[in-house]
Amino acid sequence: MKKWIIALATSLLLVVTAHAAIEVYEFETLEQEQQFKELGNTLRCPKCQNNTIADSNAELAVDLRHKVYEMTKEGKSKQDIIDYMIARYGNFVTYNPPFTIATSILWLGPIAVVLFGFGFILIRSRKTKAKSGAEKQQWDADKEARLKALLNEKNDGDKQ
């Protein structure tokens, strides 16, 4: 009985390791291989969203890698492949989307937040300065009045 369990466990382990095969891509030139690697690291997996197609193990990423491989082997340029992916999956597939009305919030949003924050801090600091300046003048006037009163009392005390 133990032999059957060990044999079953061993066969299951072999099936799992056979399924996790590594993809091997062969290229005719070094330029094609370099282009494939660059595209694999610059195109985003539409399913994973924060992984490149080279880093992702999703089925869609595997399909995209295979398509990039096929197009590279056909002699397509890097830009042709990127244009194909954008036409099929939208600007999201690139990590550097072009400036359009739809993507303007991505480009202008951070700048607007920084400018708004800087303006808020500037206005707040000016209000604080104005308030502290007014309090300082009032404090000086109060202090002056007390000082005069004390001096008058002392002068009156010295005369007697």
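Hey, any hits in segment 26-46 for a residue that's at pLDDT below 85 and assigned to a helix (DSSP H, G or I)?
No, every residue in segment 26-46 fails to be at pLDDT below 85 and assigned to a helix (DSSP H, G or I).
Taking G40 as the residue in question, decide whether it is over 28 Å from the mean Cα position of the chain (by Cα) and of a type outside the set (F, W, Y).
no
Given (1) of a type outside the set (F, W, Y); (2) farther than 17 Å from G90 by Cβ; (3) open to solvent by 50 Å² or more (accessible area, probe 1.4 Å), identify the lone condition not met by Q35.
All conditions pass for Q35, except number (3).
How many of the residues in segment 49-88 are assigned to a helix (DSSP H, G or I) and either under 18 Å from L30 (Cα atoms) or open to solvent by 40 Å² or more (accessible area, probe 1.4 Å) (or both)?
22
The values are calculated or read from the model by the stated rules, or taken from the named source; none is laboratory data. The shown structure was predicted, so the numbers you read here are calculated from the model rather than taken from an experiment. Don't worry about glycine lacking a Cβ; one is built from the backbone with ideal geometry, like all the others, and counts go over all protein chains shown. Each accessible area value is taken on the protein alone, full model and side chains, heavy atoms only, with ligands, DNA and RNA left out. Shrake-Rupley method; radii C 1.70, N 1.55, O 1.52, S 1.80 Å.
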